[in-house]
Amino acid sequence: MERHTYKRLLAVSMMLALSASASAAEFGTSPPPSANFDVSPLQNDQTYSGFIITYKNGSAERSNASAAVQNIGVAASRARLTAGTAAAPRALNVRYARKLANGSDLVHTDRALSSNEAATLIKQIAADPSVAYVEPEYMLKRVDDIRPAAAATFTTPNDTYYGGYQWDYLAPTGANFLDNTLNANVANWGAANIQQAWTLADGTGVTIASLDTGVTNHPDLDLSLANAGYDFITSASVSGRSTNGRVAGGWDTGDWVTAGQCGTGQPAENSSWHGTHVFGTAGGELTNNSTGMAGTAYNAQVLPVRVLGHCGGSNADIADAITWASGGSVSGVPANTHPAKVLSLSLGGSGTCPSSSVLGQAITGAIGRGATVVVAAGNSNANAANYSPASCAGAVVVAATGITSARAYYSNYGSIVTVAAPGGGVYKGDASSGTQTTTGFIWSTINAGTTTPTTATYGGMAGTSQATPHVAGIVALMQSYRLALGKALLTPSQVTSLLKSSATVPHVTPSGSKPIGAGIVNAYAAVQAAGNQP
């Protein structure tokens with residue numbers, strides 16, 4: 001099945017062509033700390049037509065779109081970028097797209113630029129004394145999951161699925177868990193101790209925002225906030241709608257792609273129903289209802305926010321969605337009537353997240369509004385510091401482990417990882433290859449449709465995408481317990497500290513060169529610690 005690695009397809013029409021003087025070696029690396037631009041997201045096999053410029057406060061361009069476009073046109077001229085044909089070249093045209101929630105301006109060029117051309121234009125724009133920061137618009141993707149090789153979905157859900165599939169909710173004591181693929185018991189050292197945490201809290205009073213592909217109808221999901229969510233995808237080619245623009249509701253209409261749709265050599269893919277799967281794990285899945293499976297914070301409310309569609313989602317759209325989900329204001333979008341105190345982001349792409357970037361500013365803003373932002377580390381078996389938004393300051397970064405407690409072979413790692421959580425090890429013994437097992441996956445709600453939604457069902461996925469909603473749900477349990485005790489909500493920094501101090505030391509010692517944070521998240525210990533926090 002598909003291996004969800006961080007791929008950065010560039011944002012919706014983002015392209016600009018640069019002079020040959022820019023070296024390919026410049027891309028994929030961070031600019032110097034003093035630089036007012038970022039070219040690290042640029043990939044040599046992608047093109048770009050969107051650019052995000054933050055003008056300095058007090059500058060004419062900050063409040064004048066026409067002046068901003070004119071200055072960028074001058075920068076394109078300095079970069080010697082043209083459009084048209086070789087026989088009849090013309091000036092590269094720039095059009096204004098919109099003002100972002102953080103005050104930055106998004107502009108589009110009328111032709112796609114190569115990574116070299118985009119880097120040249122970015123540097124020319126950054127040379128303007130009125131510019132505080134400039135970066136490309138680019139596409140982030142769901143942190144792609146690994147799926148069972150055999151068809152492993154259910155058509156008649158019932159309560160027995162919890163006992164037979166959700167090993168991740170139990171205590172990490174080494175107790176036997178029957179794996180029905182192997183028809184043998186497996187020692188469970190990698191679970192998150194969620195079932196015991198339910199003796200203290202269930203998520204009541206807390207809203208979790210799930211920023212993903214949206215959610216589909218499912219009888220085992222609490223969809224009370226589905227219409228209150230929002231679809232932040234602006235481009236019709238990404239949303240699948242007939243026209244550009246955002247719409248109300250957090251519904252997933254499908255994210256399938258045809259061969260080559262997202263770039264040369266990209267294969268066709270069926271709709272992932274990724275958002276429905278993580279929505280259920282975080283807390284959307286109804287529990288104790290004689291149906292299907294269980295969700296982590298099952299009495300919390302989960303707000304679906306659609307940011308990923310066909311080929312992924314734009315960093316500009318995702319930044320606005322983070323702001324809105326946490327209670328901030330976004331021009332042209334109605335106020336969020338259910339601001340979330342926990343944001344779950346199982347998405348990402350290559351590149352760093354400087355504090356001045358739109359994603360960096362959006363996450364900082366969400367934290368300032370009291371929201372804990374939980375982000376997947378990524379599935380590239382690489383240092384998470386080189387991926388965004390995992391590398392954004394203040395985020396709770398989640399690696400993935402399997403049932404043995406070992407780091408999943410695909411999981412990103414590094415010093416920026418906060419904690420690990422069950423994501424599924426895929427293979428027997430959490431090896432990097434071999435026999436796929438039931439206990440190698442995280443099981444939750446999905447849909448059976450290959451393109452648009454059809455029948456509601458259940459299925460397994462493995463990845464840091466699956467680890468992330470476990471932690472988001474546990475944060476909701478922590479805050480819910482505080483409310484039940486009549487105490488003030490924890491600050492995001494307090495949440496992060498308690499997640500670390502209460503984590504379980506893995507039974508399988510992680511490699512020193514590939515750390516996965518303080519340990520495996522322990523829901524019961526974290527909720528207890530939250531209640532004891534002054």
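A short reminder: the numbers here are calculations on the coordinates, not readings from a lab. None of these values were measured; they are calculated from a predicted model. Don't worry about glycine lacking a Cβ; one is built from the backbone with ideal geometry, like all the others, and counts go over all protein chains shown.
Applying 1/(1 + (r/R0)^6) with r as the Cβ-Cβ distance of ASN227 and ARG80 and R0 = 51 angstrom yields a FRET efficiency of 0.55. On the beta carbon distance between ASN381 and LYS56, with R0 = 35 Å, the FRET formula returns roughly 0.30. The alpha-carbon atoms of the range 195-320 define a convex hull whose volume equals 120 cubic angstrom per residue. Each residue of the range 207-213 was assigned a 3J(HN,Hα) from its phi angle through the Karplus curve 6.51 cos²θ - 1.76 cosθ + 1.60 (θ = phi - 60°); the sequence is 10, 10, 9, 9, 8, 7, 7 Hz, with glycine and proline shown as x.
Measuring r between the beta carbons of ASN44 and ASN93 and using R0 = 22 Å, the FRET efficiency lands at 0.35.
The DSSP beta bridges internal to the chain are antiparallel in roughly 65% of cases.
The listed peptides 400-409, 37-46, ordered by packing as a protection proxy, come out as 400-409, 37-46 (highest mean of other Cβ atoms within 10 Å first). Labels on offer are (i) 3, 15, 25, 27, 19, 7, 2, 0, 0; (ii) 3, 14, 21, 22, 20, 13, 5, 2, 0, 0; (iii) 4, 21, 31, 25, 13, 5, 1, 0, and the one holding P(r) over Cα pairs in 10 Å bins from 0, in percent computed from this structure is (iii). Residue separation of SER329 and ASP110 scaled by 0.36 nm, minus their Cα-Cα distance, works out to 75.9 nm of gained length.
Among GLU61, GLU135, the order by Cβ neighbours within 10 angstrom, fewest to most, reads GLU61, GLU135. If the cut-off is 17 Å between C-alpha atoms, which lysines fall inside it for LYS123, apart from same-chain ones fewer than 8 positions away? List returned: LYS56. Across the alpha-carbon set of the range 343-396, the Rg to Rh ratio works out to 0.95, Rh being the Kirkwood radius. What is the antiparallel percent of DSSP beta bridges lying wholly in the range 24-137, to the nearest 5? Restricted to the range 24-137, the bridges split so that about 95 percent are antiparallel. Principal semi-axes of the equivalent ellipsoid, √(5λ) from the alpha carbon gyration tensor of the range 97-222, are 48, 20, 17 Å from largest down. Residues TRP256, TRP198 in ascending order of nearby Cβ atoms (within 10 Å, fewest first): TRP256, TRP198. How many nm is it between the label spots at ASN288 and THR173, if each spot is 7 Å from the Cα in line with the beta carbon? With each label point 7 Å from Cα toward Cβ, the separation is 2.1 nm. Partner lysines whose Cα lies under 26 Å from the Cα of LYS487, excluding those fewer than 8 positions away in the same chain, are identified as LYS341, LYS500. Translational diffusion coefficient of the range 328-419 at 37 °C, 0.692 mPa s, Stokes-Einstein with Kirkwood Rh over Cα pairs, in µm²/s as a whole number. Estimated via Stokes-Einstein, D reaches 236 µm²/s. Phi angles of the range 493-506 translate, via the Karplus equation with coefficients 6.51, -1.76, 1.60 and θ = phi - 60°, into HN-Hα couplings of 5, 5, 4, 4, 4, 6, 4, 5, 5, 9, 5, 8, 5, x Hz per residue; Gly and Pro are given as x. Report, in degrees rounded to the nearest 10, the 0 to 90 angle that the Cα long axis of helix 464-484 makes with the longest principal axis of the chain. The helix 464-484 is inclined about 70 degrees to the chain. Can you give me the Kirkwood hydrodynamic radius for the range 24-137, using every pair of distinct Cα atoms, in Å to one decimal? Its Kirkwood hydrodynamic radius stands at 14.2 Å.
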